[in-house]
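Worksheet for the structure shown next.
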Amino acid sequence: MTLLCARLSRWALWEDTNGRASLTLHTSENTSAVSQPSVQNDLARSIKPGWRRRLDLFGRAAAETLTQMLTPVDNPHIVFCSRHGNINRTVKLLHQVATNEALSPADFSMSVHNAFVGIASINWSITQSHTAIAAGNDSLIAGLTETVCQMMATQSPVILCYVDLPLPDVYTDTVAEPQTAIAFAMRLEPDGDTTPDIPATGKALAFSSCGSDRAQTIAASSYDQVKNLTAFFESPSAPPLTLGSTTTAWTVSRHD
């Protein structure tokens, strides 16, 4: 078993169920969650207008959670993950191909899996590396694994950003999963001394890896995993939480 320690300094969750959206934010300064209505036109105000116009709900929801993770003097690594990516743009492009229509250059460029995180890096002048991950139903666990490992390797802050929207109607009869738009971000920092301008803050967590057999018995959808993880973060007395994929599992516990 591998035990890795980190500090969770802040996290944010945006979700939209049946047109009712909310944004919940936790920071080391604010120990209680704050929920507020959040619609597409109000999202991603921190993105410069020229870039913001290129973002649809997928990018704006991701930007809204990611911006909550940044500090005034910051240059973090970013791990971006999504199971389907910006599937609505992709389906639109496929329809244009099938009907011999001209492809939209904007939709083509923004359909690339790491398009959003590239824009985020430019907007906030982030020069550290960013990683884009798509691993099917294991996307969140793969992203969490990369985040923890990068944080340990670089001994610097790493932000995990996960986003997925409901699939277009064409997939309704083929995929059964929660039809909820969700964007989630969390910031992990080394558990110990860091650079003077970015001191370690937040709750101390321990991440322990589990074997593949244990992982397969607890695998769940990324949506359920996000909800379980944020519920764990919100409850000071919550027992350790195990999140699993088809090959990997992490048990998250408090390490105060």
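Points worth noting:
- Where D56 falls short, out of the listed (1) of a type in the set (D, E); (2) closer than 30 Å to V252 by Cβ; (3) at pLDDT 90 or above: (2)
- Test: residue in the stretch 88-96 that is modelled with pLDDT of 90 or more, aliphatic (A, V, I, L, M) and within 30 Å of G202 (Cα to Cα): no
- The one condition in (1) free of Cβ contacts under 8 Å to residues at least 24 places away in the same chain; (2) touching a helix residue (DSSP H, G or I) at 6+ places or on another chain (Cβ under 6 Å); (3) of a type outside the set (A, V, I, L, M) that P166 fails to fulfil: (2)
To keep it simple, each residue is scored yes or no on (1) among the aromatic types (F, W, Y); (2) touching a Pro at 6+ places or on another chain (Cβ under 8 Å); (3) modelled with pLDDT under 90.
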residue	(1), (2), (3)
P49	no, no, no
R60	no, no, no
A63	no, no, no
T67	no, no, no
D74	no, yes, yes
V79	no, no, no
G85	no, no, no
L103	no, no, yes
F108	yes, no, yes
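- Residues located in the stretch 157-188, provided they are charged (D, E, K, R) and crowded, with 17+ Cβ neighbours inside 10 Å: D164, R187
- Yes/no for L103 being farther than 19 Å from R52 by Cβ, out of contact with any Leu (no Cβ under 8 Å at 6 or more places or on another chain) and of a type outside the set (D, E): no
- Residues that are closer than 13 Å to G85 by Cβ and touching a Lys or Arg at 6+ places or on another chain (Cβ under 9 Å) within the stretch 117-151 comprise A134, A135, G136, S139, listed in sequence order.
- Condition check for T154: buried (at least 21 other Cβ atoms within 10 Å of the Cβ) and within 15 Å of R187 (Cβ to Cβ): no
- Tallying residues that are out of contact with any Cys (no Cβ under 8 Å at 6 or more places or on another chain) and assigned to a helix (DSSP H, G or I) within the stretch 99-119 yields 10.
- Test: residue in the stretch 83-94 that is without any contact (Cβ under 8 Å) to a residue 40 or more places away in the chain, surrounded by fewer than 22 Cβ atoms within 10 Å (Cβ to Cβ), within 23 Å of Q179 (Cα to Cα) and hydrophobic (A, V, I, L, M, F, W, C): yes
- Restricting Q40, Q36 to those that are under 21 Å from H113 (Cα atoms), at pLDDT below 90 and not hydrophobic (A, V, I, L, M, F, W, C) reduces the list to Q40.
The values are calculated or read from the model by the stated rules, or taken from the named source; none is laboratory data. Note that the coordinates shown come from a computational prediction; the quantities given were computed from them, not determined experimentally. Positions of Cβ are backbone-derived with ideal geometry, glycine not excepted, and every protein chain shown enters the neighbour counts.
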